[in-house]
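A quick write-up on the structure given underneath.
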Amino acid sequence: MSIVARTEKRALRPEQELAALIERATGDGAVVSFTGLARGVSKKGHAVHRLVLDHHPVLTLQSLQAIASDAATRFEVSHVHVIHRCGEIEAGEPIVFAGAASLHRRAAFEAADYLMDRLKTEAVFWKREVGEDGSRWIEPTDTDHADRQRWG
Amino acid sequence: MKVLFYGRLAEAIGPELDVGESRGCSVAELRERIVAEHPRIEQVLRNNRALSFVGERQVRDDYRLSAGETLEFLPPVSGG
């Protein structure tokens, strides 16, 4: 079992993270990964130029590690891999990578799904959207909370 | 005593506030004191949407602060 969970101040390279996860998955039968991108359109349909993610010097990393560790405990996975951007992220750039490796595919699918539902609602970041209609803080939606509740 | 803010709270009133001698004060009392001086953040600070932390541990509103402790208020988080 291995867990990678960290923040990334510079560009996140999903292909590199996936390659690292596959390399660790010796003997496994499945690797599932999710890459989240900074969306270029706001809920109101206006252009978004970038996201700005503030973070806490200690609690942010702790939250990523706790979520990754919970996924590793809950599902029959051999590796969990979570990388989350902080700072300024231009529209279209990767903001998060969440992946898992397992002997059989179902556990890896479920772990990746679980990781994202927890990250959306519990990872310690404060997200601001900057676009043509100004700047506004983003908080989890009712759907995000409902998705999180699926896991109890 | 120092109080630290993050996210929309930091944007509204700055990342750090000196609230003077606060030994023995509860978190709830400090919430009220800060809101009285900075009504712009009332909505986030008064209805407990902002979680309170001391020494990287979450504390409840009845927690009483000791000398040298730093209180932090974290507004709702959003990752992913």
Worksheet item: Mind listing the phi-derived Karplus ³J(HN,Hα) values for the range B:15-25, rounded to whole Hz, using 6.51, -1.76 and 1.60 with θ = phi - 60°, and x for any glycine or proline?
Response: x, 8, 9, 9, 9, x, 5, 9, 4, x, 6
Worksheet item: Computed FRET efficiency, Cβ-Cβ of B:R57 and A:W151, R0 22 Å: what is it to the nearest 0.05?
Response: 0.35
Worksheet item: Reachable lysines from A:K44, Cα under 19 Å, same-chain residues fewer than 8 places away excluded?
Response: A:K127
Fill in: Helix B:27-37 axis, angle to chain B major axis (alpha carbon atoms, nearest 10°)
70 degrees
Practice prompt. Report, in whole Å, the centroid distance computed from the Cα atoms of the range A:84-101 and the range A:110-137.
Written response: 10 Å
Discussion item. Counting only helical runs of four or more DSSP H residues, what would the 222 nm mean residue ellipticity of chain A come to if each run contributes -39,500 (n - 2.57) and the total is spread over all its residues?
Written reply: -11000 deg cm²/dmol
Fill in: In degrees, nearest ten, helix A:14-24 long axis to first principal axis of chain A (Cα)
20 degrees
Practice prompt. Please get the size of the charge dipole for chain A, origin at its Cα centre, with Cβ charges of +1 on Lys and Arg and -1 on Asp and Glu, quoted in debye to the nearest 20.
Written response: 80 debye
Response to the item:
Over chain B, the sum of -39500 (n - 2.57) across DSSP H runs of at least four, divided by residue number and rounded to 500 deg cm²/dmol, gives at 222 nm -7500 deg cm²/dmol
Fill in: Charge dipole of the protein assembly as shown about the Cα centre (unit charges at C-beta), most positive-ward option of A:V80, B:N47, A:V4
A:V80
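Just to be sure I follow: if Rg is taken over the C-alpha atoms of the range B:2-66 and Rh is the Kirkwood radius over the same atoms, what is Rg/Rh?
Numbers: Rg = 10.9 Å, Rh = 12.0 Å.
Over the Cα atoms of the range B:2-66, Rg/Rh equals 0.91.
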Discussion item. Can you compute 3J(HN,Hα) from phi for each residue in the range A:118-128, using the Karplus curve 6.51 cos²θ - 1.76 cosθ + 1.60 with θ = phi - 60°, rounded to whole Hz and x for Gly and Pro?
Written reply: 5, 4, 4, 10, 10, 5, 7, 9, 10, 10, 10
Discussion item. Let me make sure I get this right: for the range A:2-147, a, b and c are the square roots of the gyration tensor eigenvalues over alpha carbons, sorted descending. Under 1.5 in a/c it's rounded, otherwise prolate if a/b > b/c, else oblate. Which is it?
Written reply: prolate
Fill in: the range A:45-141: GluC sites (Glu not before Pro) in DSSP coil with no more than 10 other Cβ atoms inside 10 Å
A:E132
Item to complete: Loop only per DSSP, at most 12 neighbouring Cβ atoms within 10 Å: give me the trypsin sites (Lys or Arg not before Pro) in the range A:3-99, ordered by residue number.
Response: A:K9, A:R10, A:K43, A:K44
Worksheet, complete the sentence: Amide H neighbours of B:V59 at under 5 Å, excluding residues fewer than 5 places away on the same chain, with H built from the backbone geometry, are B:S52, B:F53, B:V54
Response to the item:
Between A:G40 and residues 5 or more places away or on another chain, the pairs with built amide H atoms under 5 Å apart involve A:G92
Worksheet entry | Those GluC sites (Glu not before Pro) in the range B:1-39 that DSSP places in a loop and that have at most 11 other beta carbons within 10 Å | B:E21
Item to complete: Count charges around B:P39 for me, please; just the other residues with Cβ under 15 Å from its Cβ, Lys/Arg as +1, Asp/Glu as -1.
Response: +2
Worksheet entry | Environment charge at A:R106 (Cβ cut-off 11 Å; Lys +1, Arg +1, Asp -1, Glu -1) | -2
Worksheet item: Using the Cβ atoms and a cut-off under 12 Å, what net charge is assigned to the surroundings of A:E8, where Lys and Arg are +1 and Asp and Glu are -1?
Response: +3
Worksheet entry | Top positive-direction residue, dipole computed over chain B with Cβ charges, set B:S66, B:V35, B:V3 | B:V35
Worksheet item: Mind listing the phi-derived Karplus ³J(HN,Hα) values for the range A:47-52, rounded to whole Hz, using 6.51, -1.76 and 1.60 with θ = phi - 60°, and x for any glycine or proline?
Response: 5, 10, 7, 7, 10, 10
Worksheet entry | Interchain or long-range residues, amide H under 5 Å from B:V77's placed H | none
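Every number here is computed from the coordinates shown, using simple stated rules; none is lab data. All values derive from a computational prediction rather than experimental measurement. FYI the Cβ positions are ideal-geometry reconstructions off the backbone, even for glycines, and counts take in every protein chain you see.
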